[in-house]
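J.: Got a structure for you, written out below as structure tokens; questions coming shortly.
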Amino acid sequence: MEYYILMILGAVLVNNIILAQFLGICPFMGVSGKMSTAVGMGAALLFVMTLSTMVTTLVYNYVLVPLELVYLQTVIFILIIAALVQALEIVLKKVSPSLYNALGIFLPLITTNCAVLGIAITVTLKSFSLIDATLFTMFTALGFCVAIIIFAGIREQLELVNIPKGMKGIPIALITVGILALAFMGFANLA
């Protein structure tokens with residue numbers, strides 16, 4: 001039990017994928033302007049990252065390692081992630097048009113999100129079992145959600161205050177991310 005508590009604290013707070021590992025910065029900066037888009041991206045990433053890591057872990061352990069094709073890991077993982085996102089998009093469009101519309105542009109954006117590939121490779125490097133890989137990925141995606149939602153809230157608040165002209169937009173957002181990353185470093189002694 002203690003192992004999983006430390007995994008949660010580590011993935012969500014201490015080694016946050018955005019604020020400590022700097023993976024997934026493009027969607028983090030791009031869709032965090034509004035709370036609704038941040039929540040949508042976080043939910044879509046949680047689902048896709050978990051599903052893709054489960055599949056890539058199985059492919060790695062039962063195809064690449066036995067056939068001694070580990071050197072193809074990155075290329076295979078990229079293809080798997082792209083295929084999964086495309087298949088998920090097609091299935092959602094047919095089965096649940098409302099969910100498909102709710103996720104909107106976020107599904108295609110996830111295909112190019114380096115955080116998805118980064119976590120898929122990380123769980124293979126750490127030699128996690130399928131269950132541990134899945135849980136680690138869920139907690140990591142939850143850390144992404146926490147960071148992007150906090151950041152979206154701050155950015156919405158920044159729109160309401162008087163900021164010098166040269167600092168508006170991306171400059172103040174980058175400063176804010178830096179301060180947020182420093183705040184998350186305060187959790188370093190928890191895990």
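The values are calculated or read from the model by the stated rules, or taken from the named source; none is laboratory data. None of these values were measured; they are calculated from a predicted model. Don't worry about glycine lacking a Cβ; one is built from the backbone with ideal geometry, like all the others, and counts go over all protein chains shown. Note: accessible area is taken over every heavy atom of the protein model, side chains too, but ligands, DNA and RNA are not part of it. Shrake-Rupley method; radii C 1.70, N 1.55, O 1.52, S 1.80 Å.
J.: Would you tally the residues in region 175-191 being outside any loop (DSSP other than H, G, I, E, B), without any contact (Cβ under 8 Å) to a residue 40 or more places away in the chain and open to solvent by 50 Å² or more (accessible area, probe 1.4 Å)?
T.: 4
J.: Another question, if that's okay. In region 150-166, is there at least one residue being touching a residue at least 24 places away in the same chain (Cβ under 8 Å), in contact with a Phe, Trp or Tyr (Cβ under 9 Å, 6 or more places away or on another chain) and closer than 24 Å to residue 29 by Cα?
T.: Looking through region 150-166, at least one residue is touching a residue at least 24 places away in the same chain (Cβ under 8 Å), in contact with a Phe, Trp or Tyr (Cβ under 9 Å, 6 or more places away or on another chain) and closer than 24 Å to residue 29 by Cα.
J.: Where residues in region 1-28 are part of a loop (DSSP other than H, G, I, E, B) and not hydrophobic (A, V, I, L, M, F, W, C), which of them is nearest to residue 45 (Cα to Cα)?
T.: Applying the filter and picking the extreme gives 24.
J.: Of the conditions (1) small (Gly, Ala, Ser); (2) under 26 Å from residue 185 (Cβ atoms); (3) in a helix (DSSP H, G or I); (4) modelled with pLDDT of 90 or more, residue 42 fails just one. Which one is it?
T.: Among (1) small (Gly, Ala, Ser); (2) under 26 Å from residue 185 (Cβ atoms); (3) in a helix (DSSP H, G or I); (4) modelled with pLDDT of 90 or more, the lone unmet condition for residue 42 is (4).
J.: To continue, here is another question. From the list 117, 107, pick out the single residue that is in a helix (DSSP H, G or I) and modelled with pLDDT of 80 or more.
T.: When all the criteria are applied, what remains is 117.
J.: Here's another thing I want to ask about it. Mind counting the residues in region 53-102 that are open to solvent by less than 40 Å² (accessible area, probe 1.4 Å) and among the polar types (S, T, N, Q)?
T.: Selection size over region 53-102: 5.
J.: Would you mention how many residues in region 30-39 are open to solvent by 40 Å² or more (accessible area, probe 1.4 Å) and either of a type outside the set (Ser, Thr, Tyr) or part of a loop (DSSP other than H, G, I, E, B) (or both)?
T.: 4
J.: For region 81-112, which positions are hydrophobic (A, V, I, L, M, F, W, C) and under 18 Å from residue 27 (Cα atoms)?
T.: 81, 82, 85, 102, 103, 105, 106, 107, 109, 110
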